[in-house]
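**Student:** Quick one: the structure is below, and I'll ask about it shortly.
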Ligand SMILES: *Cc1c(COP(=O)(O)O)cnc(C)c1O
C-alpha cells in the first residue's frame, strides 16, 4: 500500500466537519431533538475525535463529512443499546438471568403499573390507619407453603444472609461439604456465612455426608444446621445426604435451628414436567425445616424477591430486626409477587405464569409454532432455514440436568457467519436474542411469546 504523505493527511484533517456542521446534518438534528443540545454536542465531538484519530493513523479515505455522520449515528445507537429495553428471548433458556429471569404474568405486569402510582402499601383500607407492608403477600405465602409465617425481602441472597445474621452470628453452622457451592457467580455459601458472622463447620465429603457426620459436629456453640440446595451444580453417582426429616429430627434433639435454603423454590410439584429434583417449599416445611428461603424470580415465576417462610417465632424476630428495613422489598416487586401468588391460589399458575407455561409446553406445540413461523418468513436470499429436534434449558440455576425436548429453527447463510446473523438479530428492534451452536444460529420458540413471532419473522426477512 502506498504511504500517504503528511501533506495529504493535513488536507484530510481540514476536511473533518466541525461540531456545528455535524449537528446540522439530518442525524445531528434528530439527535439534538431526542437527546438534547448538550448531550448531542458531546457525542458529535466524540465522533469527530474518533474520525480524527483514524485519519492520523492513515486509515481513512473518502468523504469525511458523511463518515462523521455515520460515526455519530453508530455512537448514538451503541449508547441506546446500553439502556434497559424490551428484548425477545429466543434462546430457549427459560429462567435466563441475563435477560431478567422470569418474565411476569399479564396480571403481575398490570399490578406493577397500578402500584407505580399511589397505592395502599402501608395503609389499611379497612381502618384508614397505617397497615403493614406485604401483609397480603405474607398471607398468600402462608397458605401456599403451609408455613406458620412468612416475610419477603429483596432477593434470596438477602434472605439467606438475613437468617444467618440473626440466628447464627457468633455461633457455628453445620453444613455438608457437598453444599459449599457458588451460585450464579457471586453468591458463595462460605462467603455469605462468613459475612453473617457465623463460623462454618463443614462435615462429610463432597459426594457423601451422613447424619452421623452432622451429629458428631454438634457442639456447645453450634446454633444451626444448614442445608443448601446445590442449584446449578450436581454430583451424580455415588452420593448421599441425610433427608430433610432426618436433619429436622437431629436439630430438634439438639435444640438447633434447621434452616434450608432451597433457592429456586418451586411452589408446586413440577415432577410431571421432568423437574424431579427441585425442592418444593411446602414439602421442606412439612418435613420439618424451621426456616426455608427461596427466590421470587426463578421457578416461582415472579419478580426479584427473597422469601423467608417458617416458624412464627423466628419470622417474628426477623420482622422486628433493624436489618429488615434495609433488606425490604419495594412496592413494585411486592405488587407483582402478590399477583403471581394469586394465580397459584386460584389454581391457574401453569396457565398464567410464563415460566410454568414454558416448562409445561410440549415439543409438538413448539414444532407447530416453528413450522408456522418458517412459512411466515418465506424465502430469504442466501439463507437456509430448517426445523430440527433439540433441547431447551430450565436456567436460573435450576434443574441443570433437565433438558426439555423442543423444536429448533436453525439459520445458516451462504456468505454471513452465524455470528453475523446473531448480531443482526440482536441489533434489530426489538432485539431478538438467539444462541449459536455448531456454527448455526438457533431459535427456540419455547421462550418466545406467540405474539412476538411476527417480530422475529420480520427481523429474519430483512436479512
Ligand atoms: C439462586 C439462589 C440464591 C440467590 O438467590 P437470588 O434471588 O438470586 O438472590 C441463593 N441460594 C440458592 C440455593 C439459590 O439457588
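A short reminder: the numbers here are calculations on the coordinates, not readings from a lab. All of these numbers come straight from a predicted model, not from anything done at the bench. Positions of Cβ are generated from backbone atoms using ideal geometry, with glycine treated the same way; all protein chains shown enter the neighbour counts.
**Student:** With a point put 7 Å past each Cα toward its Cβ, work out how far residue 195 is from residue 210 in nm, to one decimal.
**Tutor:** 3.6 nm
**Student:** Tell me, what is the FRET efficiency for residue 77 and residue 97 to the nearest 0.05, using R0 = 22 angstrom and their Cβ-Cβ distance as r?
**Tutor:** In this case the efficiency is close to 0.30.
**Student:** What's the percent breakdown of Cα-Cα distances in the stretch 345-463 across 10 Å bins, shortest bin first?
**Tutor:** P(r) over the stretch 345-463, rounded to whole percents: 13, 44, 33, 10, 2, 0.
**Student:** Still on this structure: For the chain, what does the helix formula give at 222 nm: sum of -39500 (n - 2.57) over DSSP H segments with n ≥ 4, over the residue count, nearest 500 deg cm²/dmol?
**Tutor:** The helix contribution divided over the chain gives -12500 deg cm²/dmol.
**Student:** Here's something else I'd like to know. Per 0.36 nm of contour for each residue apart, how much would the distance between residue 24 and residue 319 grow if the chain were fully extended, relative to their Cα-Cα spacing?
**Tutor:** 100.3 nm
**Student:** Normalised radius of gyration for the stretch 39-88, please: alpha carbon Rg relative to 2.2 N^0.38 Å, two decimal places.
**Tutor:** 1.34
**Student:** Moving to a separate point now. How would you order 69-81, 164-176, 287-299 from highest to lowest mean count of nearby Cβ atoms within 10 Å?
**Tutor:** The densest-packed peptide leads the list: 287-299, 164-176, 69-81.
**Student:** Convex hull over the alpha-carbon atoms of the stretch 72-140: what's its volume per residue in Å³?
**Tutor:** 161 Å³
**Student:** Which three extents, in angstrom, do the Cα atoms of the stretch 299-376 have along their principal axes, listed largest first?
**Tutor:** 59, 22, 17
**Student:** Rounded to two decimal places and with Rh computed the Kirkwood way over Cα pairs, what is Rg over Rh for the stretch 140-208?
**Tutor:** Looking at the stretch 140-208, the ratio lands at 1.03.
**Student:** In degrees from 0 to 90, rounded to the nearest 10, what is the angle of the helix 331-345 Cα long axis to the longest principal axis of the chain?
**Tutor:** Computed tilt is about 60 degrees.
**Student:** If R₀ is 60 angstrom, what is the calculated FRET efficiency for the pair residue 15 and residue 414, using the beta carbon separation as r and rounding to 0.05?
**Tutor:** Computed FRET efficiency for residue 15 and residue 414: 0.95.
**Student:** On to the next question. Calculate how steeply helix 26-35 sits against the longest principal axis of the alpha-carbon atoms of the chain, using the helix alpha-carbon long axis, and give the answer as 0 to 90 degrees to the nearest 10.
**Tutor:** Long axis of 26-35 versus the principal axis of the chain: about 30 degrees.
**Student:** How far is the Cα center of the stretch 382-454 from the Cα center of the stretch 272-317, in Å?
**Tutor:** Measuring centre to centre over Cα atoms gives 32 Å.
**Student:** Further question: I'm a student and want to see the number: the projected area of the Cα convex hull of the stretch 57-209, averaged over all directions, in nm².
**Tutor:** The orientation-averaged projected area of the Cα hull of the stretch 57-209 comes to 19.1 nm².
**Student:** Next question, about the same structure. If one takes the longest principal axis of the Cα atoms in the chain, at what angle in degrees, from 0 to 90 and to the nearest 10, does the Cα axis of helix 135-145 lie?
**Tutor:** Here the helix axis deviates by roughly 70 degrees.
**Student:** Further question: Using 7 Å Cα-to-Cβ label points, what is the residue 243/residue 272 separation (nm, one decimal)?
**Tutor:** 2.4 nm
**Student:** How far is it, in nm, from the label point at residue 61 to the one at residue 283 when both lie 7 Å from their Cα along the line to the Cβ?
**Tutor:** Spacing of the two 7 Å Cα→Cβ label points: 6.9 nm.
**Student:** To continue, here is another question. Just to be sure I understand: if I project the alpha-carbon convex hull of the stretch 288-330 onto a plane and average over all orientations, what area do I get in nm²?
**Tutor:** Mean projected area for the stretch 288-330: 3.5 nm², to one decimal.
**Student:** If you don't mind, there's one more thing I want to ask. Taking the Cα atoms of the chain alone, what are Rg (to one decimal) and Dmax (as a whole number) in Å?
**Tutor:** 27.6, 90
**Student:** In Å and from the alpha-carbon atoms only, list the Rg and Dmax of the stretch 335-410.
**Tutor:** Just the Cα atoms of the stretch 335-410 yield Rg and Dmax of 16.3, 51 Å.
**Student:** Also, I was wondering about something else. Over the Cα atoms of the stretch 1-106, what is the Rg over Rh ratio if Rh follows Kirkwood?
**Tutor:** Taking Rh as the inverse mean 1/r over Cα pairs, Rg/Rh reads 1.19.
**Student:** With just the Cα atoms defining each centre, how far is the stretch 155-222 from the stretch 17-44? Give it in Å.
**Tutor:** Between the Cα centres of the stretch 155-222 and the stretch 17-44 lies a distance of 56 Å.
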